Structures are given as C-alpha cells and as structure tokens.
Amino acid sequence: MTKSTDTTHSPTNAARLGSLVDEAQLLMDQLCAISTGQSDAIAIGDVAQIVEIVVKREPVVQGLVSVGEEIGAFIENSDALAKVSVGERDEAMRRIALIEHAMKRLRERDDHDQKQMEAARDKMADQLASMGTNQNALRAYSSRSTTPNPILQDREG
C-alpha cells in the first residue's frame, strides 16, 4: 500500500483548521471577559474576587495554549495545510492574526493590572510600617506604664 500524494483540497483538513480557530476565538473571548472582570476587581481592591478570577482564568489560559499548539502543528504540517483551499487558509490566518492582536492587548492589560496590584501592595506595606512606628511613638509618650504585670516587679522597678 502506498501513501497518497494527492494534494487536492480536503474538507476534513479545512474543517479541522476552522474548528481549531473557532475554539481559539471562543477561548480568547472568554479570557478577555475574565480579564475585564479582573481589572475591575483590582480597581476596587476586591481581593477575594481577584483570587476567584485567577482560579477561573487558569483553565481558559491552559485551553488556549493547547489549542494554539494544535494550530501551530497544523500550520507547520505542509501536507495538511496544502489540502486546505487558499481562501480557507487565508481566512484562518486572518482570524489567527486577530486573535494574536487580542492576546497582545490582553498582555498589555495584564501588565497594567500587575503594576496596579504592586502599587496597592506597596501602599499597604507602607501603611503597616507607619502604623507600627506610630504605635511605638504613642507608647513612648504615653503616661501609662507599659509593663505587663507590675505586681511582680520589685519596688525599684
């Protein structure tokens, strides 16, 4: 039995490529919606919602990575790609470019969100540090004794 070298267009290959691109688009749309919610949660400082979003986001990202690898393997397979009509191939590549553009915007938003979270963390750390300093200053000028159990001290104490 010999391997077929027929390079005619295959509806199966075109359908597979279209299906992969559809799946990538669906996952990208979900990720964009989740990212918008993440930005909103960061803006209002809702830590519980941020954690919930990160948990929701992880499987979508993993799915997108997986589909991206499948698309890459399909495109690198010249035999399979040759069996897809030029029009279908061009349409798939156009849609892939749009998905890549959306990913770029998403990465930019994530970078911005990360900077906001770092700024909020640093602000909170500064507040906590100054709170300790303020308490020490109050204790230093307080007229009350700060010893925990004065009864057990000697008379010169």
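Computed from backbone phi with θ = phi - 60° and the Karplus coefficients 6.51, -1.76 and 1.60, the 3J(HN,Hα) list for the stretch 23-32 is 5, 4, 5, 4, 5, 5, 4, 4, 5, 5 Hz; x is used for glycine and proline.
Computed over the Cα atoms of the stretch 54-100, pair by distinct pair, the Kirkwood hydrodynamic radius stands at 12.0 angstrom. Name the aspartates and glutamates eligible as straight-distance cross-link partners of residue 104: C-alpha to C-alpha under 12 Å, and not fewer than 8 places from it in the same chain. Here the aspartates and glutamates satisfying the reach criterion relative to residue 104 do not exist.
Summary of packing: across the peptides 61-70, 27-36, the per-residue average of other C-beta atoms within 10 Å ranks them, highest first, as 27-36, 61-70. For residue 115, a cut-off of 17 angstrom between C-alpha atoms picks up these aspartates and glutamates, skipping any fewer than 8 places away in its own chain: 40, 46, 126.
Note on the stretch 11-108: Cα Rg divided by 2.2 N^0.38 Å, N the number of residues, gives 1.28.
A short reminder: the numbers here are calculations on the coordinates, not readings from a lab. Keep in mind the model is a prediction, meaning the values are calculated, not measured. Neighbour counts run over all protein chains shown; Cβ positions are idealised from the backbone, glycine included.
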